[in-house]
């Protein structure tokens, strides 16, 4: 169900962002049009809901209902932030905690809910998932500037073209030279696609990616801490590996 | 919840159909853009789901889960039918039973579910809602040709421009002169917006609207029959009035 919800949100995201490439292939909106992407996304959402109802676990339904609602809220919030160069780290983190981390949190929490874990385990796994998802999204936003297009499978600079004030840009605005900040401000506010080369140079020269990487790593440390009290099993080992992968990945 | 789901589907429908006018006002996609319409539609869907889960009535959830799933299926089916002049009455009816009538059916059925009615009442009301919704949509599709734009609040000819093979057109193809049929076929397949005046003339001259009206009235008769065994109360009276209104409305 989490996978179906995720796929549905990707279909709609790619319409909203007018993205052309995902996982190294044409997006559905390019291949089949916006109409099909919107409607098939709705279909997947409603099928996921139907599967949840059929499964009949009230606690699991509550977790997923809260998650889908906050994800949608995060997406709307992100849209409202587009072309706004005054978005700071705190507002950025709120958006990604909702739009991305909530689904990680729900997936991790559901492991405890469906496996019959107690409240403490549920809370620990939920916290782990939330930090993991936050780290994942910070790295995702970094890859728009630092990645290799073939490896990432998405078109670089797409976030900038949409006017999304992502973390590397926020760090340029806060820490770089006035000239670098001015370029980034103009790119967020209006000319993202055209100014991508200049913004890329500013992001790389200013140390913004290193700062963003450090914040992602701190999220991962918090994720690890959240499950620190769990017994040492191969399952815990896998969760710790996920966390490490989230900040080391290049795609 | 039914109203929220309905509003969410309208937001997405207007994006998919590129509609500019609804209820006599600019559509949300025109006023705020496609991105906002898609995301706010998702938000409303997820909030409705969250409210359903919070209400915690498994039977009601099943009704709404099935309905939203079939509505989405109907929308996808309708998209697949666009520009297809071979769609016949049966396939047309399947689409509108899913995309429109299922929500009427769910709303009517929920009255019995939440009011503690027995299975027979639930079934009777569900059947009533299904026929009512089918009649409603047939009339809706007629109004694209027969209505007054100010009164209808939607731009006339929008369905045709989208290449939707609606019932009046199916009747022209089946019953009108070869010349009238040829115009309608070309309009469905490619030039809906440009050929609207000619198609309008063919629809009006061929008796297609009268045939469609008769099918809508037969749906309403079936709706009335479905609740025939219910005790005579002011509530039943109101349901019968809804049914009458569905086929007499001009907006």
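In region A:28-52, what residues are surrounded by fewer than 23 Cβ atoms within 10 Å (Cβ to Cβ), free of Cβ contacts under 8 Å to residues at least 24 places away in the same chain and more than 17 Å from residue B:16 (Cα to Cα)? Residue satisfying the conditions is A:50 alone. The residue list B:106, B:80, B:59 contains one member that is farther than 22 Å from residue B:159 by Cβ and surrounded by fewer than 16 Cβ atoms within 10 Å (Cβ to Cβ), which is B:59. Only one entry of A:180, A:190, A:186 meets the criterion of being assigned to a helix (DSSP H, G or I) and closer than 22 Å to residue A:75 by Cα, and that entry is A:190.
Checking each residue in region A:33-69 for being closer than 14 Å to residue A:107 by Cβ and more than 7 Å from chain B (Cβ to nearest Cβ) picks out A:48, A:52, A:60, A:63, A:64, A:67.
Of all residues assigned to region A:99-116, none qualifies as being in a loop (DSSP other than H, G, I, E, B) and closer than 24 Å to residue A:211 by Cα. Is one or more of the residues making up region B:209-228 surrounded by fewer than 15 Cβ atoms within 10 Å (Cβ to Cβ) and assigned to a loop (DSSP other than H, G, I, E, B)? Yes: region B:209-228 contains one or more residues that are surrounded by fewer than 15 Cβ atoms within 10 Å (Cβ to Cβ) and assigned to a loop (DSSP other than H, G, I, E, B). Considering only residues in region A:176-190 that are in contact (Cβ under 8 Å) with a residue 24 or more places away in the chain and over 18 Å from residue A:207 (Cα atoms), the one that is surrounded by the fewest Cβ atoms within 10 Å (Cβ to Cβ) turns out to be A:190. Selection of region B:223-242 for residues being under 17 Å from the mean Cα position of the chain (by Cα) and at pLDDT 95 or above yields only B:223. Of all the residues in region A:14-27, those that are crowded, with 22+ Cβ neighbours inside 10 Å and either assigned to a strand (DSSP E or B) or more than 9 Å from chain B (Cβ to nearest Cβ) (or both) number 2. Would you call residue B:7 in contact (Cβ under 8 Å) with a residue 40 or more places away in the chain, in contact with a helix residue (DSSP H, G or I) (Cβ under 9 Å, 6 or more places away or on another chain) and over 30 Å from residue B:172 (Cβ atoms)? So residue B:7 does not fit the description; no.
Among the criteria (1) touching a helix residue (DSSP H, G or I) at 6+ places or on another chain (Cβ under 7 Å); (2) surrounded by 18 or more Cβ atoms within 10 Å (Cβ to Cβ), the one residue A:140 does not fulfil is (1). So, residue B:167, is that one over 18 Å from residue B:194 (Cβ atoms), more than 16 Å from the chain's Cα centre (by Cα) and at pLDDT 95 or above or not? Against the criterion (over 18 Å from residue B:194 (Cβ atoms), more than 16 Å from the chain's Cα centre (by Cα) and at pLDDT 95 or above), residue B:167 does not qualify. Comparison of A:148, A:119 shows that the only residue that is on the phi < 0 side of the Ramachandran plot and touching a residue at least 40 places away in the same chain (Cβ under 8 Å) is A:148. Please indicate, with yes or no, whether at least one residue in region A:116-129 is at pLDDT 95 or above, closer than 25 Å to residue A:200 by Cβ, under 17 Å from the mean Cα position of the chain (by Cα) and surrounded by 24 or more Cβ atoms within 10 Å (Cβ to Cβ). No, region A:116-129 contains no residue that is at pLDDT 95 or above, closer than 25 Å to residue A:200 by Cβ, under 17 Å from the mean Cα position of the chain (by Cα) and surrounded by 24 or more Cβ atoms within 10 Å (Cβ to Cβ).
The values are calculated or read from the model by the stated rules, or taken from the named source; none is laboratory data. This structure is a prediction, so every number in the text was calculated from the model and none was measured. Neighbour counts are summed over all protein chains in view; Cβ atoms, including those assigned to glycine, are modelled from backbone coordinates with ideal geometry.
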